[in-house]
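Let me begin by presenting the structure, written as structure tokens, before commenting on it.
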Amino acid sequence: MINSNKTYKIILSGGGTGGHIYPAVAIANELKSRFPNADFLFVGAKDRMEMDKVPQAGYKIIGLWISGIQRELTLRNLSFPFKLISSLWKSRKIIKDFKPDVVIGTGGFASGPLLIMATSKGIPSLIQEQNSYPGITNKLLGKKADKICVAYDDLERFFPKDKIIKTGNPVRADLLHIAEKRDDAYKMFSLEKETKTILVLGGSLGARRINQLIEKEFDFLLTHNVQIIWQCGKLYYEQYKIYDNTKNIQVHEFINDMACAYAAADIIISRAGAISVSELCIVGKPVIFIPSPNVAEDHQAKNAQAIVDAQAAIIIKESDLEVDFQNKFTQLIISPEKQQKLGDNIKKLALTNATKQIVDEVELLLNKSNK
């Protein structure tokens, strides 16, 4: 029987992008609510965004000297074996010192060494795969992990079938109640209530092509009497911050309170990463997806197309932006009926209990480890 008062020790590992970090934080928060005395430790990659975002969420994190293998032939790949050995050695020490009861991986190269060492020591482990096409780290880890929580069907071709549990993706709990935040959101972003708000998201680091699109289409967008909240991303902020003084346009490197940003939005333009798609289903606003073509197996396009097939979003390929963007945006902005239909349909696809279901599986592992 599980003991909610016991001081369980729990390691969560993953990072590189917000798509790996925020699920881990959501899982940790749910675990903390069930086990107030639990001791948490995050393990990420040095110099990546998790080293800032995890402490901001109130958790301790240790960084490994690790990075992924570049797809192109590059000198940076020569250092990978040394980074891997260093990270495996440090992971071994972390596990020896912390003595976790369970280890949870949410993807990204940072989770690889930690979970490899944990599974070699027989520590119960769970990985959470956000995408329809798993990354190389989780594909390797799936052979040894005890449980694999997924958000899409047909992942048996990558993972052992008996380990797979379909839960959906963990999302921030505050997204479940964004309707209540709309007035606060107007104040936070200094918005005019009678003007439609366009929220532009390219992911935590930014999306070059989406940023180029918004810059090019300023005049067109503003002719539709809109105001724009534009998260251009860490990699591009210095380039685009000059537009922050433009009337009805505000440029952000990163938006910490995404619940308020979603609450303020009337239409959202976004990439189609797995966590973004899961969040947008819960948010229930009309979305124009512009999937990144630079991902394995074109999984962002597949994520977006699944929503479009349910008549719940609009998709525009990067290669079609010049031809299609103005036309599709105009059709949406001038039609309250279409906005309502897309918002209602995408909300029907939401899996709102993913975090709790994943933590239920973690509880089973904790129960098993205490027998």
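The values are calculated or read from the model by the stated rules, or taken from the named source; none is laboratory data. This one's a predicted model, so the numbers in the text were calculated from it and none came from an experiment. Cβ atoms come from the backbone with ideal geometry, glycine included; neighbour counts cover every protein chain shown. When the accessible area is computed, the model is the full protein with side chains, heavy atoms only, and any ligands, DNA or RNA have been set aside. Shrake-Rupley method; radii C 1.70, N 1.55, O 1.52, S 1.80 Å.
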| Listed values (i) 57; (ii) 51; (iii) 47, entry calculated as percent of Cα pairs over 26 Å apart | (ii)
| For the range 134-190, taking Cα atoms only, what is the radius of gyration to one decimal and the Dmax to the nearest whole Å? | 17.9, 51
| note | Expressed as a whole-number percentage, the relative contact order of the range 149-267 with C-alpha contacts under 8 angstrom and at least six residues apart is 29
| message | Can you compute 3J(HN,Hα) from phi for each residue in the range 346-352, using the Karplus curve 6.51 cos²θ - 1.76 cosθ + 1.60 with θ = phi - 60°, rounded to whole Hz and x for Gly and Pro? | response | 5, 5, 5, 8, 5, 10, 8
| request: Mind ranking 14-23, 228-237, 211-220, 279-288 by how tightly packed they are, going by the mean number of other C-beta atoms within 10 angstrom, highest first? | output: 14-23, 279-288, 228-237, 211-220
| said: Out of the total accessible area of the chain (probe 1.4 Å, heavy atoms of protein only), what percent is carbon and sulfur? | reply: 51
| note | P(r) of the range 267-371 over all Cα-Cα pairs, 5 Å bins starting at 0, rounded to whole percent, reads 2, 12, 20, 19, 15, 10, 6, 5, 4, 3, 1, 1, 0
| Relative to the longest principal axis of the chain, what angle (0 to 90°, nearest 10) does the C-alpha long axis of helix 354-369 take? | 0
| field | Charge context of Ile275, other residues only, Cβ under 12 angstrom, K/R +1, D/E -1 | value | 0
| query | Given the convex hull of the Cα atoms of the range 195-279, what is a quarter of its surface area in nm²? | reply | 5.2
| query | Put Val226, Val295 in order of accessible area, largest first, 1.4 Å probe: what do you get? | reply | Val295, Val226
| 5 angstrom amide H check on Val43, placed H, neighbours 5+ away | Leu12, Ser13, Gly14, Ile62
| Rounded to 10°, Cα long-axis angle of helix 111-120 versus longest principal axis of the chain | 20
| To the nearest 0.05, how large is the calculated FRET efficiency for Leu222 and Ala57 if R₀ is 30 Å and r is the Cβ-Cβ distance? | 0.25
| field | Percentage relative contact order, the range 250-371, counting C-alpha pairs under 8 Å, at least six apart | value | 26
| remark: Phi angles of the range 248-261, converted by Karplus (6.51 cos²θ - 1.76 cosθ + 1.60, θ = phi - 60°) into ³J(HN,Hα) in whole Hz with x for Gly and Pro, give 6, 10, 10, 10, 10, 5, 7, 10, 6, 9, 5, 4, 5, 4
| If you build a Gaussian network model of the chain, linking Cα atoms that sit under 10 Å apart, which residue out of Arg157, Arg209, Arg182 swings the most? | Arg157
| Accessible area per residue in Å² at 1.4 Å probe, computed on the chain | 47
| For the range 144-153, 3J(HN,Hα) per residue [Karplus equation, 6.51 cos²θ - 1.76 cosθ + 1.60, θ = phi - 60°, Hz, x = Gly/Pro] | 10, 5, 6, 9, 10, 8, 10, 10, 10, 7
| field | Around Tyr8: net Lys/Arg minus Asp/Glu count, Cβ-Cβ under 14 Å | value | +2
| field | Under-5 Å amide H pairs with Gln227, H placed in peptide plane, nonlocal only | value | Lys196, Thr197, Ile198
| Mean projected area (nm²) of the alpha-carbon convex hull when the range 172-215 is viewed from all directions | 4.4
| How much net charge surrounds Leu235 when only other residues with a Cβ under 10 Å from its Cβ are counted (Lys, Arg +1; Asp, Glu -1)? | 0
